[in-house]
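Accompanying notes for the structure given below.
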Amino acid sequence: MLRLSLPALFVFVSGAIAGSMTVPLDFGSRDDFRFASYDRYDRIEGPGWTCFSEPGEPLLPAKVYTVVVPATAGRVTVTASVLQSVSIGDGYSIQPAAVPRPFSAQETTPEVIIPDPSIYESNAPWPSDPVVSYHDGDRTGFRLVGFVLCPWTYDPATGELVLDTSVEVTVSWEDGSAAHPRSQSQVDAAARDLQGWVMNPCDIAACGPPVTTPLAAVDYLVITSNDYADSFAQFVAFKNGTGLSTELAYISDILAATPGYDDAEKLRNYIIGRYDNDGVQFVLLAGDQTVVPARSVYLECEGWTDTAPADLYFSDLDGTWDASGDHSYGQPEDDLDLYSDVAVGRALFGTPEQAALFVERSIMYQSSPPAGDWQTRAMLCGAGLFTGYTGGKVCDSIAVRLPSSWEIDKAYEAPSTQDGFTTPVDIINSGTNWVHYAGHGNTQGVYWQNYPYDMMTNSIAQGLVNGDKVGFHSSIGCHPGAFHSGECCAEALWHNAGGGAVSVMFNTSYGWEGYLPEMGVSEWMCVYLTEEVFQLSNGIIGSAFATAKDRRVPLWSGGRDRELYCIMDWNAFHDPTLPVIGGSTGIGGQETTPQGTGPKPILGLPVPNPAVAGATVRVPSWFAGQSATLEIYDLSGRLVLSNDLISPGDAQLTLAGAGGTIPSGVYLLRLSDSSGSDTGRLVVAGGR
């Protein structure tokens, strides 16, 4: 029998061949949602909700849930029973989902909304089942089941809306094949990553794969060419000195000794062998496509197509990525898993000088970064993206997930002003640790919508003078990470010896909009990345990047859609084992303290977690100052509760406010005082 995280939430039935989990969910009332108008249609919105619909389907709010089940679970099914529902009324005209556009389409491709006649001309309520999709897969030996649940039903014939206020979801499985043993280090790291993400964190230990002792016990595998042996021998020696077991392997040896259809498949097969036998957790592909092979995949969404490299091929090690056998890899029919098993980063270089710069900069950031305020400074850039919608939305969502003690500079484009266009470069030149570009892109950079256009381009990157005050750069823009198409903006940020970045996480193809005014997939993954690093004890950049992508997997429709496109084409160019200064590492979320600062607050694990709405939760809270503030935010960044603390110890947090009990969902906790902050996560169930 598996240990339960909360008896009222999860009930497991375990046996030799099958098992099940029951998940009661409460969705409150109409008052927990906002009704708005869009074009000539009605729209329902709510904090923490997303819209799952395909183009032409009614745009209704849904939530994504992920649970961990036994590692041997096979033939998973997810079903729902509606226990209680209420009619909201009739006469509604719910907006159909629009055809998605990439951000680079700008105003050249107007929004198209066409109702699906099979739904809007039918007498059948839609959707027919609250569980609109589910996906199961493996993350480093842990079996995950993600499902999307919509508690709303819309009848186009009458316009009636029904809200399922209470739903019981059952996750069932049969006994599958034996789980492959993993090293203790692999299991511990994966369990740590899942802690802030799955609904049943207390079941993680019971659901883990069997543990084995690896043959060579290698944590970190660095793969490059013999031409760069000197630089990366230094890199490997440094990593081993930090306690991370690291090994250097040469691509020529790998390709000569490993079977596979082509060089990329041979490389992936080699990584699989080291992952299975030696406990590898991190992989650095040390070199661009001229040094280490890349896997190009065909990408398509609503008529927009591209072929782009996807290093997820070397990270998700389940299956072959070619189940159809046509040697066209990573297609929907290839039985894709999409969850990352190892954290992969790629170093962008093709010359000895560029390789030496990558090694020098990566070692410097971890071992001897310059002191100063740059370590706690962020620069967030938001351009105009579509009519009435700007990149300021994703930037604001990132801002609330950064430590409260940080200086956060924002440069936002507004149609009525030219303010803020030159400020980002000035601030980046002075040193920044976290930078985001929400703009239009191509291989040469990311851009504002209007004059002077250039937000971060190859020429700007090549002229940066921030020296060793380098940080982490992410973007939602189209193509600035397309390293296979000549020198792209990501490469320019890495190849400037006078400044640039220590990490670049850019798209190799298109970034995609959401169901406006919702954020899109590209935006959410950048928000999740920030949340993982600074709030969910995932301050190692490779692990945070992989998890930010994994959290979108349950929303993939199973065919070609924007979810698959964005998960595939967001690539990481950095040392994946790099700890982010100021990020939280380890259970409990203690920050990596910037140089020259005092002790930070420490937020312990809430008890109980998950908690029942309206209950009182005990939150261990340590701080050295005279007072601190304990706050709860929903996932949209809205402050829900705030408590002033005058002494350290166990804070008591009642999950109710002026508007009643807090609705069920996932919430962010932040403990802050004058010296900084620490963060955590709380799951609330059964709210009304």
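Determine if the stretch 109-125 includes at least one residue that is of a type in the set (A, V, I, L, M, F, W, C), within 25 Å of Asp316 (Cα to Cα) and touching a Pro at 6+ places or on another chain (Cβ under 6 Å).
No, the stretch 109-125 has no match at all.
Buried (at least 17 other Cβ atoms within 10 Å of the Cβ) and either at pLDDT 85 or above or in the same structural domain as Ser118 (by TED's automatic domain parsing) (or both): does that describe Gly19?
yes
Take the residues in the stretch 381-398 that are part of a strand (DSSP E or B) and of a type outside the set (Phe, Trp, Tyr), then tell me which one is farthest from Ser104 (Cα to Cα).
Cys381
Does the stretch 51-62 hold any residues that are in a strand (DSSP E or B) and touching a strand residue (DSSP E or B) at 6+ places or on another chain (Cβ under 6 Å), and which are they?
Pro58, Pro61, Ala62
What's the number of the condition Ala497 fails, among (1) among the hydrophobic types (A, V, I, L, M, F, W, C); (2) in contact with a strand residue (DSSP E or B) (Cβ under 9 Å, 6 or more places away or on another chain); (3) in contact (Cβ under 8 Å) with a residue 40 or more places away in the chain?
Of everything listed in (1) among the hydrophobic types (A, V, I, L, M, F, W, C); (2) in contact with a strand residue (DSSP E or B) (Cβ under 9 Å, 6 or more places away or on another chain); (3) in contact (Cβ under 8 Å) with a residue 40 or more places away in the chain, Ala497 misses just condition (2).
Tell me, please, whether a residue that is within 30 Å of Ala347 (Cβ to Cβ), in the same structural domain as Pro70 (by TED's automatic domain parsing), crowded, with 18+ Cβ neighbours inside 10 Å and not small (Gly, Ala, Ser) can be found in the stretch 200-213.
No, the stretch 200-213 contains no residue that is within 30 Å of Ala347 (Cβ to Cβ), in the same structural domain as Pro70 (by TED's automatic domain parsing), crowded, with 18+ Cβ neighbours inside 10 Å and not small (Gly, Ala, Ser).
All but one of (1) in contact (Cβ under 8 Å) with a residue 60 or more places away in the chain; (2) farther than 20 Å from Glu360 by Cβ; (3) over 22 Å from the mean Cα position of the chain (by Cα) hold for Lys469; which doesn't?
Evaluating Lys469 over (1) in contact (Cβ under 8 Å) with a residue 60 or more places away in the chain; (2) farther than 20 Å from Glu360 by Cβ; (3) over 22 Å from the mean Cα position of the chain (by Cα) leaves (2) as the failure.
Output the residues belonging to the stretch 277-291 that are under 22 Å from the mean Cα position of the chain (by Cα) and more than 16 Å from Ala217 (Cβ to Cβ).
Leu284, Leu285
Out of all the residues in the stretch 32-50, which are assigned to a strand (DSSP E or B) and either touching a strand residue (DSSP E or B) at 6+ places or on another chain (Cβ under 8 Å) or under 17 Å from Thr153 (Cβ atoms) (or both)?
Correct list: Arg34, Phe35, Ala36, Ser37, Tyr41, Asp42, Arg43, Ile44, Glu45, Thr50.
Conditions tested, residue by residue: (1) outside the structural domain of Arg401 (by TED's automatic domain parsing); (2) out of contact with any Pro (no Cβ under 6 Å at 6 or more places or on another chain); (3) at pLDDT below 95; (4) among the aliphatic types (A, V, I, L, M).
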| position | (1), (2), (3), (4) |
| --- | --- |
| Thr422 | no, yes, yes, no |
| Val435 | no, yes, no, yes |
| Asn442 | no, yes, no, no |
| Gln462 | no, yes, no, no |
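I'd like the full set of residues that are touching an Asp or Glu at 6+ places or on another chain (Cβ under 9 Å), modelled with pLDDT of 85 or more and under 26 Å from Ser81 (Cβ atoms), limited to the stretch 26-48.
Answer for the stretch 26-48, where residues must be touching an Asp or Glu at 6+ places or on another chain (Cβ under 9 Å), modelled with pLDDT of 85 or more and under 26 Å from Ser81 (Cβ atoms): Phe27, Phe33.
Return the only residue of Tyr365, Tyr313, Tyr329 being aromatic (Phe, Trp, Tyr) and under 30 Å from Leu402 (Cβ atoms).
Tyr365
Within the stretch 252-299, can you find the residues that are charged (D, E, K, R) and touching a Leu at 6+ places or on another chain (Cβ under 9 Å)?
Matches in the stretch 252-299: Asp263, Lys266, Arg268, Arg274, Asp276, Asp278, Asp288, Arg295.
Listed residues Leu194, Leu215, Leu285, Leu244; which is at pLDDT 95 or above and of a type in the set (A, V, I, L, M)?
After ruling out the rest, the residue left standing is Leu285.
Taking the stated definitions as given, is Pro96 buried (at least 19 other Cβ atoms within 10 Å of the Cβ) and over 16 Å from Gly665 (Cα atoms)?
yes
Which condition number does Ser53 fail, the rest of (1) within 19 Å of Pro517 (Cβ to Cβ); (2) modelled with pLDDT under 95; (3) surrounded by fewer than 20 Cβ atoms within 10 Å (Cβ to Cβ) being met?
That leaves (3) as the condition not met.
Limited to the stretch 47-90, what total is found for residues that are in contact with a Leu (Cβ under 9 Å, 6 or more places away or on another chain), of a type in the set (D, E, K, R) and closer than 23 Å to Val171 by Cβ?
Final tally of qualifying residues: 1.
So for the stretch 182-191 (the condition being under 19 Å from Asp42 (Cα atoms), of a type in the set (A, V, I, L, M) and in contact (Cβ under 8 Å) with a residue 24 or more places away in the chain), does at least one residue qualify?
no
Select from the stretch 363-380 the residues that are in a helix (DSSP H, G or I) and among the hydroxyl-bearing types (Ser, Thr, Tyr) and list them in ascending order.
Tyr365, Ser367, Thr376
Go through the stretch 22-50 and count every residue that is polar (S, T, N, Q) and crowded, with 17+ Cβ neighbours inside 10 Å.
Residues meeting the conditions: 1.
The values are calculated or read from the model by the stated rules, or taken from the named source; none is laboratory data. As the structure is a computational prediction, the values presented were derived from the model and not from experiment. A quick note on method: Cβ atoms are made from the backbone with ideal geometry, for glycine too, and the neighbour counts reach across all protein chains shown.
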